[in-house]
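Student: One structure, as structure tokens, below. Some questions next.
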Amino acid sequence: MTPDSLRAALRGVPDPDWLDTALRRVAAEPTAIIRLFAAAGRRCGRAALPDAPDWTADDAARVLLLTALPVEHAAYVDALYRHGDAGERRAVLRALPLLPIGSAGVPLLHDAIRTNDTRLVAAALGPYARHLDPAAWRQAVLKCVFSGVPLNAVADLDTRADTELAAMLAALAAERHAAGRELPADATDLLDRLTARTPTEA
């Protein structure tokens with residue numbers, strides 16, 4: 001999602017004037033985001049957005065507030081994540097690929113992936129996860145399989161999945177089979193695709 005598409009999806013929020021005013025305020029006075037970020041759920045609602053699948057109004061509003069910041073994006077995302085509730089943390093994670101912070105947000109991905117909150121795990125594996133090194137990314141994909149996060153939440157899955165991930169999935173499949181359990185269907189499909197590749201393609 002882009003800022004423009006999020007703005008379009010938010011056309012029907014309960015208090016659009018509040019959001020417009022908040023965005024201008026953050027652009028002029030960055031420290032205001034601390035208070036406005038927390039208020040977004042109350043002022044914009046938490047309903048699902050019909051034009052933005054898997055997004056809620058508070059998610060989108062908070063991402064827009066972060067993109068409105070003129071300076072110090074990395075410092076603000078760190079502070080808002082560290083001190084936020086689960087909804088605020090998810091919004092920070094979803095904003096990362098839209099912000100000029102390079103790899104500064106990677107520690108937040110690691111933190112989110114360690115949690116048992118599947119919403120945070122899924123958000124951490126969006127487009128910004130390209131900054132994860134291969135080993136950390138593979139472990140994150142396995143975390144999705146263990147915790148029930150659908151693999152369609154993982155950005156660039158087919159391009160990043162490799163023979164090492166295939167071996168890890170195969171070992172997990174063997175363990176589960178021995179225990180009378182199976183991998184989720186999407187993980188089985190991924191393993192089948194990976195094992196069907198030739199060695200030079202994997």
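Student: Please count how many residues of region 164-181 are open to solvent by 70 Å² or more (accessible area, probe 1.4 Å) and within 25 Å of Ala123 (Cα to Cα).
Tutor: Number of matching residues: 1.
Student: Within region 143-150, is even one residue under 25 Å from Val63 (Cβ atoms) and either among the β-branched types (Val, Ile, Thr) or open to solvent by less than 30 Å² (accessible area, probe 1.4 Å) (or both)?
Tutor: yes
Student: Search region 161-188 for residues that are of a type in the set (S, T, N, Q) and pair each with any residue that is surrounded by 14 or more Cβ atoms within 10 Å (Cβ to Cβ) when their beta-carbon atoms are under 8 Å apart and the residues are at least 6 apart or on different chains.
Tutor: Going by the 8 Å Cβ cut-off, the qualifying pairs are Thr163/Leu194; Thr163/Ala202; Thr188/Ala173.
Student: In a helix (DSSP H, G or I), surrounded by fewer than 19 Cβ atoms within 10 Å (Cβ to Cβ) and not small (Gly, Ala, Ser): is that true of Arg62 in this structure? If you could, list the steps in order and put the result at the bottom.
Tutor: Details: in a helix (DSSP H, G or I): yes; surrounded by fewer than 19 Cβ atoms within 10 Å (Cβ to Cβ): no; not small (Gly, Ala, Ser): yes.
No.
Student: Tally the residues that are among the hydrophobic types (A, V, I, L, M, F, W, C) and over 21 Å from Arg176 (Cβ atoms), restricting the search to region 114-152.
Tutor: Going through region 114-152 one residue at a time, the tally reaches 10.
Student: Asp54 - would you say it is within 23 Å of the chain's Cα centre (by Cα), in a helix (DSSP H, G or I), under 24 Å from Gly126 (Cα atoms) and not aliphatic (A, V, I, L, M)?
Tutor: No; evaluated as a whole, the condition is false for this residue.
Rundown of residues vs (1) hydroxyl-bearing (Ser, Thr, Tyr); (2) closer than 29 Å to Ile113 by Cβ; (3) in contact with a helix residue (DSSP H, G or I) (Cβ under 9 Å, 6 or more places away or on another chain), yes/no style:
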{"residue": "Glu29", "(1), (2), (3)": "no, no, no"}
{"residue": "Ile33", "(1), (2), (3)": "no, yes, yes"}
{"residue": "Ala38", "(1), (2), (3)": "no, yes, yes"}
{"residue": "Leu49", "(1), (2), (3)": "no, yes, yes"}
{"residue": "Pro53", "(1), (2), (3)": "no, yes, no"}
{"residue": "Thr56", "(1), (2), (3)": "yes, yes, yes"}
{"residue": "Leu65", "(1), (2), (3)": "no, yes, yes"}
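Student: Show the residue pairs that are 6+ apart or on different chains and have beta-carbon atoms under 9 Å apart, the first residue being within region 103-116 and within 18 Å of Ala75 (Cβ to Cβ), the second being acidic (Asp, Glu).
Tutor: These pairs meet every condition: Ala104/Asp78; Gly105/Asp78; Val106/Asp133; Pro107/Asp78; Leu108/Asp78.
Student: Taking region 93-137, which residues are in a helix (DSSP H, G or I) and either polar (S, T, N, Q) or open to solvent by 50 Å² or more (accessible area, probe 1.4 Å) (or both)?
Tutor: Step one: of region 93-137, the residues in a helix (DSSP H, G or I) are 93-98, 106-114, 118-124, 127-131, 134-137.
Across region 93-137, the qualifying residues are Arg94, Leu98, Pro107, His110, Arg114, Thr118, Arg119, Pro127, Arg130, His131, Pro134, Ala135.
Student: Would you be able to say whether some residue in region 2-18 is of a type in the set (Val, Ile, Thr), modelled with pLDDT under 95 and closer than 22 Å to Pro97 by Cβ? Give the derivation first.
Tutor: Within region 2-18, the first condition is being of a type in the set (Val, Ile, Thr), and the residues that meet it are 2, 13.
So of that shortlist, the ones also modelled with pLDDT under 95 come out as 2, 13.
Filter once more, so that each one left must be closer than 22 Å to Pro97 by Cβ: 2.
The answer is yes; a qualifying residue exists.
Student: Hey, among Thr2, Thr21, Thr56, which residue is free of Cβ contacts under 8 Å to residues at least 40 places away in the same chain, open to solvent by 50 Å² or more (accessible area, probe 1.4 Å) and hydroxyl-bearing (Ser, Thr, Tyr)?
Tutor: Only one candidate qualifies: Thr21.
Student: What is the residue count in region 24-44 for residues that are open to solvent by 20 Å² or more (accessible area, probe 1.4 Å) and farther than 16 Å from Leu69 by Cβ? Break it down stepwise before answering.
Tutor: Our first condition is that a residue be open to solvent by 20 Å² or more (accessible area, probe 1.4 Å); within region 24-44, this holds for 24-25, 27-31, 34-35, 38, 42-43.
From what is left, the residues that are farther than 16 Å from Leu69 by Cβ are 42-43.
Matching residues across region 24-44 total 2.
The values are calculated or read from the model by the stated rules, or taken from the named source; none is laboratory data. Because the structure is a prediction, the values reported are computed rather than measured. All Cβ positions, glycine included, derive from the backbone under ideal geometry; neighbour counts span all protein chains shown. Heads up: the accessible areas ignore ligands, DNA and RNA and are worked out on the full protein's heavy atoms, side chains in. Shrake-Rupley method; radii C 1.70, N 1.55, O 1.52, S 1.80 Å.
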